[in-house]
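Derivation of every value follows stated rules applied to the coordinates shown; laboratory data play no part. As the structure is a computational prediction, the values presented were derived from the model and not from experiment. Don't worry about glycine lacking a Cβ; one is built from the backbone with ideal geometry, like all the others, and counts go over all protein chains shown.
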Ligand code: SPV
Ligand code: MN
């Protein structure tokens, strides 16, 4: 370890943890960085990371104070590193487990390790790397897990400062134990200015469940590179499902109904680019987190939840002053913000759907850009990438919930599940009980978006919006959910939402902010403020309650004909959906009994409805 000087070595030794030293020794020897810097929780160390990101060109300053721009690569529209790379993400498992997970890529552990360790040999040559310590979850909390990150990307390290709580001092409290996750990342060989990964064909993200670690190389996009985000999510799902708690792809928000002296907390799982962050950032409400939560049964009889992050890595597309006023205000004021893969013109960032005129020229994820520019496959290059993102801290936002760092988390009153569904499910539906709620979460479907590589607009199944990260058998995961809810005295109410319903002409039936009304209705249901219509699908809102909510919260006249169009039950479509769900879950072993019972009851109900009314759409007023 000649690349590490004495001052840095002393910082490591102060942790008194032989496992930390072993891991660092192993990977420094393998990756061969030219310099190793240990970052503690001190501000001067954190400032060093931020300054190096600029000095090395991984980020550049923009006009507003604290704003920087980062690019994940300059490739074609179809081959790039601006989204999670599912194809090259592999979970390493023993040979006899290779068939257990039909939904994700698995690889025999030894051969996977051999392959990636070979790619990582010398991958940091000529680069400085940093050693980071973080805490997933609030400090001094029963929920939290510590994480060690080694990376040669200062963009990655800087992003993690915005998104995660520092953990150097927390590591000292481990008393030498190996109870932590670890993540080794390298952007690999770099080219160009700004510098980006050269060999994306050798991009790999390998998840080693046995060791509680992830090795990631030749990439920069946060969903592939940041250990603490989707890489740690997989390790935590594995851990939680082998213990007695939940790790979920949830936002956590405080809901504050007008004129009532109370607040409630909701979690929500949505696949990428389906309105998750914008739900957590709805006007008048507070945000605890927008992406990943840990949940435990608490001794007050509620399920409690913490945000394992403290910042937001959000999709910037379509954030504008009308549709996402809170986020838009945050992004257009001075604060520490990393923009990625947007267009820059005269130091100002532009993105798709920002509500401003598009400049004719600028610099974007394709390099110098002008209107009409095409990539080498002949595809027109938009001015910003559809999966372009922003990274900001939650603490400094006006709508940050005061419980963000509460070590006890917040009690969960309700859970939302939603997907991008143009023709099947109503805008909001309440489950009849916990198990029906688990069923609703397990049967989320969504049309694909730009947040992962591959074709857009294809209907996919997205159980709990977690399938990409499902490193335990789905049946086991569902049984854990069932058990978890049954242990909670005040069980969260579960709601299925769909923000993307369209009419036959392809027009969206709801405005973007209408989701606020579904959230307020759900909160009212938790407190018995509203009655619901009992239907064979679940509970639906009553028109007059929604009319009042639309007036009070959006100053909008909600019309009965719109209500009927939106909330009609579509038995034929739902039967088709049930068939798809059945086909998917039939491939799984150990799917719990309750799941099949609900599926069969729903199918019987829908057949009865269809026979009784003989109509495509059955008005909610008929129940
Ligand atoms: C998501 O896609 O769900 C995200 C961003 O939250 S990523 O880090 O790419 O996973
Ligand atoms: Mn996410």
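Details
- Cut-off 20 Å (backbone N to label point 7 Å along Cα→Cβ of residue 198), residues of segment 14-32: 30-32
- Label point of residue 348 set 7 angstrom out along Cα-Cβ; within segment 298-327, amide nitrogens under 15 Å from it belong to 321.
- C-alpha long axis of helix 232-241 to longest principal axis of the chain, angle in °: 60
- Among 530, 75, the order by Cβ neighbours within 10 angstrom, fewest to most, reads 75, 530.
- Percent of Cα pairs exceeding the 46 Å cut-off, where the set is the chain: 14
- Segment 443-536: C-alpha gyration tensor shape, a/c 1.5 cut-off, then a/b vs b/c: oblate
- Neighbour counts of C-beta atoms inside 10 Å place 381, 287, 564 in the sequence 564, 381, 287, starting with the fewest.
- Theoretical gain in end-to-end length, residue 406 to residue 191 [0.36 nm per residue, Cα-Cα removed]: 73.1 nm
- Axis of helix 515-526 versus longest Cα principal axis of the chain: the two differ by about 70°, to the nearest ten degrees.
- With 5 Å bins from 0: P(r) over segment 313-396, alpha-carbon pairs, percent: 3, 15, 26, 25, 16, 9, 4, 2, 0
- Ellipticity estimate at 222 nm from DSSP helix runs (n ≥ 4, -39,500 (n - 2.57)) divided over the chain, nearest 500: -8500 deg cm²/dmol
- Packing, taken as the mean count of other beta carbons within 10 Å per residue, orders the peptides 414-426, 136-148 from highest to lowest as 414-426, 136-148.
- For a label point 7 Å along the Cα-to-beta-carbon line of residue 86, residues of segment 452-493 with backbone N under 15 Å: 452-471
- DSSP beta bridges fully contained in the chain are about 65 percent antiparallel.
- Theoretical FRET efficiency, 1/(1+(r/R0)^6), r = Cβ-Cβ of residue 368 and residue 320, R0 22 Å, to 0.05: 0.30
- Approximating the spin labels as points 7 Å out from Cα along Cα→Cβ, the residue 447-to-residue 99 distance works out to 3.7 nm.
- Fewest-first ordering of 497, 40, 7 by other beta carbons within 10 Å of each residue's beta carbon gives 7, 40, 497.
- Relative to the longest principal axis of the Cα atoms of the chain, helix 571-586 runs at roughly 40 degrees.
- Förster-model FRET efficiency, 35 Å R0, residue 299 and residue 21, C-beta, rounded to 0.05: 0.40
- Theoretical FRET efficiency, 1/(1+(r/R0)^6), r = Cβ-Cβ of residue 55 and residue 258, R0 41 Å, to 0.05: 0.25
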